[in-house]
2 protein chains.
Amino acid sequence: MRTAAVVGTGLIGTSVALALTSRGVTVYLRDHDSTAVQTAAAMGAGLDAVPPEPVELAVLAVPPGRIGETLKVVQAENLALSYTDVASVKEQPLHEIEALGCDVSRYIGGHPLAGRERSGPLAGRADLFEGRPWVLTPSRNTDTETLNRALEMVSLCRAVPVVMAPRDHDHAVALVSHAPHLVSALMAARLEYARDTDTRLAGQGVRDVTRIAGSDPQLWIDILGANANAVADVLAGLAADLDTVVGSLRSLAADDEAKRDVGARGIEGVLRRGNAGHARIPGKHGQPAARYEAVPVVVGDKPGELARLFADVGRAEVNIEDIRIDHAQGRPAGLVELQVDPTRAEALTVALRTGGWTVQR
Amino acid sequence: MRTAAVVGTGLIGTSVALALTSRGVTVYLRDHDSTAVQTAAAMGAGLDAVPPEPVELAVLAVPPGRIGETLKVVQAENLALSYTDVASVKEQPLHEIEALGCDVSRYIGGHPLAGRERSGPLAGRADLFEGRPWVLTPSRNTDTETLNRALEMVSLCRAVPVVMAPRDHDHAVALVSHAPHLVSALMAARLEYARDTDTRLAGQGVRDVTRIAGSDPQLWIDILGANANAVADVLAGLAADLDTVVGSLRSLAADDEAKRDVGARGIEGVLRRGNAGHARIPGKHGQPAARYEAVPVVVGDKPGELARLFADVGRAEVNIEDIRIDHAQGRPAGLVELQVDPTRAEALTVALRTGGWTVQR
């Protein structure tokens with residue numbers, strides 16, 4: 001790929017432009033906001049100019065609701081040989097594109113699973129997509145050249161391409177992103193009027209379940225609005241299971257032993273399916289979820305303690321897969337859980353104890 | 001406190017005995033399993049002997065369903081001046097104690113919020129309760145001396161006492177522990193038959209929401225069984241909100257703009273209540289949940305990198321409040337998010353960049 005255009009120089013568009021420019025592609029920038037395009041150009045993302053001939057690929061980094069009209073305009077100008085977008089939903093924009101009579105053969109939907117809390121061109125980064133999944137959603141009519149141009153762009157951004165049908169994509173993000181967000185909010189909403197003594201008993205479990213419930217509502221209304229039916233389908237299934245759980249709990253509270261057994265089996269079914277679903281989430285580097293072993297280490301709550309700990313971990317030559325810091329309420333010291341490969345847990349424990357650490361294992 | 005008895009030398013009983021013994025209390029051990037009591041005694045938890053006169057406090061560390069009968073037996077023997085237990089539910093055992101005609105004035109319910117994945121006396125630790133909340137649930141008839149003896153034991157275990165009514169305790173753990181567990185399982189159960197391409201798109205959000213869904217079902221059936229109605233009440237409230245959410249999502253998918261507005265307002269309400277509930281969970285040391293600022297640092301996926309990072313963090317003298325390691329799928333390097341006090345984020349960023357780290361901030 002030698003030439004590309006980026007239409008919309010916000011966070012994602014500027015990041016795509018920075019990545020392509022850094023790999024030697026000549027990138028033409030465009031935005032209805034001239035300040036945004038000048039900022040992106042000043043950052044080295046590309047040229048604030050109209051390409052002299054059609055570029056190989058134009059990336060439409062505009063809001064989901066504006067993809068159809070934007071594609072209509074740029075195809076009329078013959079801006080590029082192929083076109084893609086970066087919206088987090090894929091079916092609705094495709095319907096609009098078809099309804100507007102755009103050339104669908106030269107369009108392929110795209111969705112890079114990357115983002116930042118900040119927005120705008122200044123937040124753009126050439127490495128934003130590195131190692132991230134980038135979904136491409138060809139329609140029945142998308143030609144192979146367009147698919148290949150999009151694949152080359154994904155590769156230049158060092159992302160990992162995943163090809164899916166538009167409907168499958170929307171169902172997937174409903175399942176692994178949008179529904180979990182609402183579930184977290186629903187659980188957190190139960191705590192709104194909790195007494196202080198109730199929330200003082202909160203441990204790591206409820207903290208994890210409700211962590212993403214702290215996010216900006218307006219942002220999520222926009223995301224959910226573009227994928228509402230797919231999310232509703234996931235949550236309707238969950239609601240049916242929830243009714244079973246509430247019924248099973250009432251049976252479990254009964255005096256009658258046979259009824260309690262029925263309740264226990266109902267709860268067990270959901271918990272076992274939860275185990276099975278939990279095991280489906282892939283671990284690091286797309287491998288199946290590994291069962292790491294926790295090596296919990298007591299550390300003082302002051303600067304320098306973690307440095308000392310990780311220096312000792314480094315000397316033990318054990319790779320840390322994940323870390324969890326547990327600051328129990330009122331606890332003078334914290335507990336740092338080092339998640340490691342189970343075959344390395346004993347070696348790490350011995351090394352740390354030798355170094356004078358208290359390992360609760 | 002000079003003398004105590006521990007009845008039931010599993011994980012919790014042995015840990016209480018170890019803590020009290022380490023603070024100079026003479027502890028008498030007892031268990032229907034003579035191997036368990038001998039093991040605990042050999043670990044230095046106390047004496048495998050019958051006390052010559054009533055001890056000050058007997059701690060019944062037996063399963064919830066056996067507290068009533070055990071208290072009846074030990075009170076008939078005049079084992080202690082006061083009695084407490086350690087069960088994770090409090091109302092049902094109290095009803096049984098009252099029904100069995102025990103002396104309720106000398107009994108106070110207790111629940112230390114601490115545990116380990118392992119069980120049995122060998123897993124016992126003197127520091128298991130350090131800094132943890134320990135709920136005490138006096139009944140109307142509990143005398144002040146019994147409350148004070150229990151408070152002294154909690155203090156000797158270096159736990160933080162929280163006094164609550166039995167019913168309030170059961171409601172609190174339903175809210176902050178038992179219901180979140182089922183919510184996590186319900187979300188994870190949705191993923192049971194997800195396609196591989198769906199779960200490849202999983203990010204940190206769904207991982208956090210479903211983390212505790214990997215737990216042992218049988219253990220949780222026992223826990224939920226003893227508090228089933230309180231948990232059902234919390235989840236019935238959540239189910240009503242969930243119905244609203246599903247209805248709002250369907251409206252959000254409508255063609256009619258007025259209907260979409262109604263849907264958006266319904267979703268917004270739940271998301272805002274989620275924000276409010278999320279903010280109720282106390283942070284470190286019982287302070288209100290702090291808003292830390294994330295300083296994301298790119299690190300190589302090999303031993304020694306974290307040591308080098310935390311050595312540099314240590315030199316910057318910035319305290320790390322929490323850590324999150326983000327291993328994006330296929331990503332050669334990981335992103336370590338250091339959560340710090342917002343007033344220290346800039347200093348840390350500068351220090352790390354000076355040290356050659358890539359900070360994505």
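Here are a few things to note about the model shown:
Let's see how each residue does on (1) under 29 Å from residue A:159 (Cα atoms); (2) at the interface with chain A (Cβ under 9 Å from one of its Cβ atoms); (3) surrounded by fewer than 19 Cβ atoms within 10 Å (Cβ to Cβ); (4) at pLDDT below 80:
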position: B:320; (1), (2), (3), (4): no, yes, no, yes
position: B:324; (1), (2), (3), (4): yes, yes, yes, yes
position: B:330; (1), (2), (3), (4): yes, yes, yes, yes
position: B:336; (1), (2), (3), (4): yes, yes, no, no
position: B:342; (1), (2), (3), (4): no, no, yes, no
position: B:345; (1), (2), (3), (4): yes, no, no, no
position: B:350; (1), (2), (3), (4): yes, no, yes, no
position: B:356; (1), (2), (3), (4): yes, no, yes, no
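- Out of A:186, A:156, one residue alone is touching a helix residue (DSSP H, G or I) at 6+ places or on another chain (Cβ under 6 Å) and within 7 Å of chain B (Cβ to nearest Cβ). It is A:186.
- Region A:138-171, subset in a helix (DSSP H, G or I) and among the hydroxyl-bearing types (Ser, Thr, Tyr), residue surrounded by the fewest Cβ atoms within 10 Å (Cβ to Cβ): A:144
- Complete set of residues in region A:200-256 that are surrounded by fewer than 20 Cβ atoms within 10 Å (Cβ to Cβ) and hydroxyl-bearing (Ser, Thr, Tyr): A:215, A:244
- Meets criteria (among the aliphatic types (A, V, I, L, M) and free of Cβ contacts under 8 Å to residues at least 40 places away in the same chain) for residue B:128: no
- Qualifying positions in region B:159-183 - more than 9 Å from chain A (Cβ to nearest Cβ) and over 13 Å from the mean Cα position of the chain (by Cα): B:161, B:165, B:166, B:167, B:170
- Within region B:118-137, tally of residues that are away from chain A (no Cβ under 14 Å) and buried (at least 21 other Cβ atoms within 10 Å of the Cβ): 1
- If you go through region A:31-70 and keep only what is in a helix (DSSP H, G or I), surrounded by fewer than 17 Cβ atoms within 10 Å (Cβ to Cβ) and hydrophobic (A, V, I, L, M, F, W, C), you end up with just A:42.
- Residue match in region B:267-283 (condition: modelled with pLDDT under 80 and at the interface with chain A (Cβ under 8 Å from one of its Cβ atoms)): yes
- Members of region B:56-106 that are closer than 25 Å to residue B:128 by Cα and of a type in the set (Gly, Ala, Ser): B:58, B:61, B:65, B:80, B:82, B:87, B:88
- Residue within region B:62-79 that is touching a Gly at 6+ places or on another chain (Cβ under 8 Å), over 21 Å from residue B:98 (Cβ atoms) and not polar (S, T, N, Q) present: no
- Taking (1) acidic (Asp, Glu); (2) in contact with a helix residue (DSSP H, G or I) (Cβ under 6 Å, 6 or more places away or on another chain); (3) free of Cβ contacts under 8 Å to residues at least 40 places away in the same chain in turn, residue A:33 satisfies each apart from (2).
- Across region B:170-187, not a single residue is classified as out of contact with any strand residue (DSSP E or B) (no Cβ under 6 Å at 6 or more places or on another chain) and farther than 24 Å from residue B:215 by Cβ.
The values are calculated or read from the model by the stated rules, or taken from the named source; none is laboratory data. Just so we're clear, the structure is a prediction, and the values are computed from it rather than from any experiment. So basically every Cβ, Gly included, is an ideal-geometry build from the backbone, and we count neighbours across all protein chains shown.
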